[in-house]
Amino acid sequence: MAQRTKVLFLIPHLGGGGAERVIALLAGGLSPERYEVHLGLVTQSDASGETLPERVTVHCLGARHVRGATFGLLRLVRQLKPEVILSGIAHLNFLVLLLRPVFPAQTRVIVRQNGTVSTALAFRDLPAYTRLAYRLLYRHADRVICQTEAMAEDLMREAGTPKTRLAVLPNPIDLEGIRTTARGSTKTWRGPSPHLLAVGRLARVKGFDLLLHALAGVREHFPTANLLLAGAGPEEAALKSLCLELGLENVVRFIGHVDRPAEYFAGATAFVLSSQQEGLPNALLEATAAGLPVVALPASQGLVDLIQGQPGIWLAPEVSAKALTDSLLSALHAIQPGQRFTHPFVERFRMESAIHGYEQLIDIVAGESAS
């Protein structure tokens, strides 16, 4: 039997957002015959309650924060001596690439960019050195994975990452698992429809303020329209205050972060993506996997390229509350009760084929280390 390639996946913790779910799916999905898989959880101390295949060896570093994990991460890498490290979120990517010179010489590093760099720089309160960190560090990765060509072009432009170091791979989505969860869910919605669902971190870039203004306009035509907002984040208090201002306090439910948004798909009339900027959100892919009608703002060129002109998708012409209101009204006038769509474009994200793409990249990079 050929020796397996040892791969170390790194994320801060499990149970977070889309980036963490992607890495967990990858770690559990790689071929056990070809890869020895390890998963490092940088800020998690205990993984006993997590559901991962037994073939994945989990290492909990228990650091208080990512930047405090330097010695624990270095110790883990020197102990395991992986052929390939795959890091899955930007601030952890920076640490891994900073430490790369002191990793074992044959270790290769792949980082996954989990968002559009220009968006992160524009919409998040990041340290002033972040742009410089992208420019200085990302060029030292063996590959940088992006989800769309538009994200890759943005990374070349904003960070100066050479095109030869970029790889465009779709996120793995457990289509059948999502569909099974949606069909078997017992989660109920309050009151009459239409029921709108939005999922994401409560942060400015997600545009939930635009969605609340749009909902107020929609209710002039659909007085029973209501919204379930799944997510947590720094804008929660401001959004709840805006609900009061707009008279929406009784029609918007904030349910906090949920690990399985698909549990709320069955009763939803439509999924709404209100982000001002977005790479390619897993929440939208999961919603389309379950066949939900989608109303979306044109949050990135990669997103527009994927969903424009697709049946069951109402794509607004611009990023604004008015455009979102108009698109929601168009959708709600057209959607039949309980209507679902096939969304064939989501098939390219099927877990098996997406993981195969990652395996091919890992093999190429590991081969480079042996040459």
Item to check | Residue among 34, 21 that alone is among the charged types (D, E, K, R), at pLDDT 85 or above and in the same structural domain as residue 355 (by TED's automatic domain parsing) | outcome: 34
Checklist entry - Tally time: how many residues in segment 59-117 are under 15 Å from residue 8 (Cβ atoms) and of a type in the set (Gly, Ala, Ser)? => result 4
Checklist entry - Considering segment 295-306 alone, what residues qualify as being in contact (Cβ under 8 Å) with a residue 24 or more places away in the chain and either surrounded by fewer than 21 Cβ atoms within 10 Å (Cβ to Cβ) or at positive phi (or both)? => result 301, 305
Checklist outcome for this item: For residue 41, the lone unmet condition from (1) touching an Asp or Glu at 6+ places or on another chain (Cβ under 8 Å); (2) free of Cβ contacts under 8 Å to residues at least 60 places away in the same chain is (1)
Checklist entry - Counting residues that are at pLDDT 95 or above, which helices (runs of 4 or more DSSP H) fully inside segment 294-371 reach at least 3? => result 321-334, 351-370
Next on the checklist: Checking the conditions here, which among 122, 128, 152 is small (Gly, Ala, Ser) and in contact (Cβ under 8 Å) with a residue 24 or more places away in the chain?
Outcome noted: 122
Checklist entry - Restricting the search to segment 267-286, which residues are in contact with a helix residue (DSSP H, G or I) (Cβ under 9 Å, 6 or more places away or on another chain) and part of a loop (DSSP other than H, G, I, E, B)? => result 268, 269, 274, 275, 276, 277, 278, 279, 280, 281
Next on the checklist: Report every pair of residues separated by at least 6 positions or lying on different chains whose Cβ atoms are under 7 Å apart, first residue within segment 72-95 and free of Cβ contacts under 8 Å to residues at least 60 places away in the same chain, second surrounded by 20 or more Cβ atoms within 10 Å (Cβ to Cβ) and of a type outside the set (A, V, I, L, M).
Outcome noted: 90/113; 90/114; 93/87
Item to check | Hits in segment 240-266 (condition: surrounded by fewer than 22 Cβ atoms within 10 Å (Cβ to Cβ) and assigned to a helix (DSSP H, G or I)) | outcome: 240, 241, 242, 243, 244, 245, 246, 263
Checklist outcome for this item: Taking segment 179-206 and keeping residues among the hydrophobic types (A, V, I, L, M, F, W, C) and either part of a loop (DSSP other than H, G, I, E, B) or not assigned by TED's automatic domain parsing to the domain that holds residue 324 (or both) leaves 189, 202, 203
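The values are calculated or read from the model by the stated rules, or taken from the named source; none is laboratory data. These numbers come from a predicted model, not from an experiment. All Cβ positions, even for glycine, are placed from backbone atoms using ideal geometry, and neighbour counts span all protein chains on display.
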